[in-house]
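Enquirer: Below you'll find the structure I mean.
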Amino acid sequence: MKLNKILVAAVAVVALTSACFAQTMSHGKNFYNPKPINRFPNTKSGRLVLVGDFHTHTEWGHGGLSVEDRIADAYNWGMDILAITEHGNIQGAVANTPADSKWLPKDAKHYTPMINDDGIVMPRQPMDLHKIAIPLAKKYGIIYFPGVETGIAGKEHIVAFNIPKDYKSDAYDHWLAEDPGQGEAVYYRDRFKELCSDGGFMIYVHPHYGYAREHVQWGVDNNYIRGVEVHNGSTSGQENEEWGATNGEVGWRWYGSFDYALKHNIGIYANTDAHGDKGPTFTLVLAKERTHESVMEACNELRTVGYFDNMLWGRERDVDDIISACVDVEKIKLDSNLTMVRIGNKSPMEMSVSVLDRDIVIPPYNNVLVRNETGRKNVTVTFKNVWTSEKTRLIKRY
């Protein structure tokens, strides 16, 4: 009898392990993430829900992590997609001045001041972080995008990704000119055109400078700026009030960015802007396949959803697609007077719902039974942490 119990337990463990392995393997051949903490099931429309971060930094720019640690961090969070977006120069640069060195750990490998024969400190020199990043990301099964962060000094910032890794921009932190002929800086319209000329994709990041100026609107109207951050892991807290963060129903955010994306038909992104270690802020990409090309196809089709602070922010078609795969509702009739409703959550996020006049929290990978004391034949579920605009939540009827 004891041996039989051991055999049954062993079979159960093997079955559970196989199920977990199959779930993670479904996102790509020869890839297994031992920490599937953010693994959503495939959508009802057959798309994969890939987890990404399109705005990060390393010690080759203004960050505190090495390229190796940045990729390892992405892997440990279960991410499928990563863009490294250093300021001003896509290749990264060696630190060169005391002002630069404040961003680097004391033992940073790439802190190398450059001084000419006359003892004058020279501008930071471009390097090539992608010699490390590209093969390392491939080894860990991460879809990697070279990127760059630029913008108008003290005002709007933009991130561009999917640009060629050998793209050569100007000197490190060379901000763009607001008007043509303004000093030596490149006119922002010329740079926008250049960044997007070979498949580059631009998003307006930490939109602390708002949307009133024509610089952003021109980029949106002319199809250069294709997305906006509705959440930025570095600058959304109360301490960033001077960056335009305001407090609302669901905490400190850039209120207005979500509805701006819906109104102007651009993508919805949530990125860490990580300079050092950062917590979970992700962009979910609804892609047909786990490939570079499918990710870009999804971005161009605006199939992106912000996933942060245990919330989803996205277009109704996309969050409905995700939730339809994650949540199932079963009506159970026990007798003529008693009906139960089972709500199952197959996602890694906690579901906060309002159903049958009750507010309920369903933990990840869990089920909740609710007594139907209302006698209703149809069940309406309001997903309180799934947003379809800045004032509306997803509602589904079963």
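Enquirer: Among the residues of the stretch 180-193, is there at least one that is surrounded by 21 or more Cβ atoms within 10 Å (Cβ to Cβ), outside any helix (DSSP H, G or I) and in contact with a strand residue (DSSP E or B) (Cβ under 8 Å, 6 or more places away or on another chain)?
Expert: No - not one qualifying residue is present in the stretch 180-193.
Enquirer: Still on this structure, please answer the following. Where residues in the stretch 175-202 are among the charged types (D, E, K, R) and over 25 Å from the mean Cα position of the chain (by Cα), which of them is modelled with the highest pLDDT?
Expert: Here the answer is Arg189.
Enquirer: Tell me, please, whether a residue that is under 20 Å from Asn271 (Cα atoms), more than 16 Å from the chain's Cα centre (by Cα) and either surrounded by fewer than 17 Cβ atoms within 10 Å (Cβ to Cβ) or in the same structural domain as Met202 (by TED's automatic domain parsing) (or both) can be found in the stretch 380-395.
Expert: The answer is yes, given that some residue of the stretch 380-395 is under 20 Å from Asn271 (Cα atoms), more than 16 Å from the chain's Cα centre (by Cα) and either surrounded by fewer than 17 Cβ atoms within 10 Å (Cβ to Cβ) or in the same structural domain as Met202 (by TED's automatic domain parsing) (or both).
Enquirer: Moving on to the next point. Taking the condition at negative phi and either surrounded by 24 or more Cβ atoms within 10 Å (Cβ to Cβ) or charged (D, E, K, R) (or both), does Asp259 pass?
Expert: So Asp259 fits the description; yes.
Enquirer: Scanning for something assigned to a strand (DSSP E or B) and modelled with pLDDT of 95 or more, does the stretch 241-264 turn up at least one residue?
Expert: no
Enquirer: Pro348: surrounded by 14 or more Cβ atoms within 10 Å (Cβ to Cβ) and either more than 18 Å from Thr380 (Cα to Cα) or at pLDDT below 95 (or both), yes or no?
Expert: Yes: the conditions hold for Pro348.
Enquirer: Also, I was wondering about something else. Identify, please: which residue in the stretch 314-345 is outside any helix (DSSP H, G or I) and among the hydroxyl-bearing types (Ser, Thr, Tyr) and is, among those, modelled with the lowest pLDDT?
Expert: Among those residues, the one meeting the criterion is Ser336.
Enquirer: Moving to a separate point now. If we keep just the residues of the stretch 318-345 that are among the small types (Gly, Ala, Ser) and in contact (Cβ under 8 Å) with a residue 40 or more places away in the chain, which is surrounded by the most Cβ atoms within 10 Å (Cβ to Cβ)?
Expert: Checked the stretch 318-345; the qualifying residue surrounded by the most Cβ atoms within 10 Å (Cβ to Cβ) is Ala325.
Enquirer: To continue, here is another question. In the stretch 43-77, how many are outside any loop (DSSP other than H, G, I, E, B) and aromatic (Phe, Trp, Tyr)?
Expert: Result for the stretch 43-77: 1.
Enquirer: Out of everything in the stretch 78-91 that is among the aliphatic types (A, V, I, L, M) and part of a loop (DSSP other than H, G, I, E, B), what residue ends up being modelled with the highest pLDDT?
Expert: Met79
Enquirer: Scan the stretch 216-226 and tell me whether some residue there is aromatic (Phe, Trp, Tyr), assigned to a loop (DSSP other than H, G, I, E, B) and touching a Cys at 6+ places or on another chain (Cβ under 8 Å).
Expert: Yes, the stretch 216-226 contains a residue that is aromatic (Phe, Trp, Tyr), assigned to a loop (DSSP other than H, G, I, E, B) and touching a Cys at 6+ places or on another chain (Cβ under 8 Å).
Enquirer: Restricting attention to strands (runs of 3 or more DSSP E) lying wholly within the stretch 267-313, give those where 2 or more residues are in contact with a Lys or Arg (Cβ under 8 Å, 6 or more places away or on another chain), surrounded by 24 or more Cβ atoms within 10 Å (Cβ to Cβ) and not charged (D, E, K, R).
Expert: Because the criterion is at least 2 residues that are in contact with a Lys or Arg (Cβ under 8 Å, 6 or more places away or on another chain), surrounded by 24 or more Cβ atoms within 10 Å (Cβ to Cβ) and not charged (D, E, K, R), the strands (runs of 3 or more DSSP E) in the stretch 267-313 that meet it are 267-271, 281-287.
Enquirer: Please work out which one of (1) part of a loop (DSSP other than H, G, I, E, B); (2) closer than 27 Å to Gly227 by Cα is the condition Lys377 fails and give its number.
Expert: Condition not satisfied by Lys377: (2).
Enquirer: Any idea which of (1) farther than 24 Å from Asp259 by Cα; (2) part of a strand (DSSP E or B) is the one Phe383 doesn't satisfy?
Expert: In the conditions (1) farther than 24 Å from Asp259 by Cα; (2) part of a strand (DSSP E or B), Phe383 misses (1) alone.
Enquirer: Name the residue, out of Glu229, Glu214, that is of a type in the set (Asp, Glu), under 15 Å from the mean Cα position of the chain (by Cα) and modelled with pLDDT of 90 or more.
Expert: Residue meeting the stated conditions: Glu229.
Enquirer: Shifting gears a bit: Tell me, please, whether a residue that is of a type in the set (S, T, N, Q) and in the same structural domain as Arg39 (by TED's automatic domain parsing) can be found in the stretch 358-369.
Expert: no
Enquirer: Okay, next question. Specify the residue that is surrounded by the most Cβ atoms within 10 Å (Cβ to Cβ); the eligible residues are those in the stretch 234-250 that are touching a His at 6+ places or on another chain (Cβ under 9 Å), at negative phi and not polar (S, T, N, Q).
Expert: Ala245
The values are calculated or read from the model by the stated rules, or taken from the named source; none is laboratory data. Nothing here was measured: the structure is a model prediction, and the numbers come from that model. In this analysis, Cβ positions are derived from the backbone assuming ideal geometry, glycine residues included, and neighbour counts consider all displayed protein chains.
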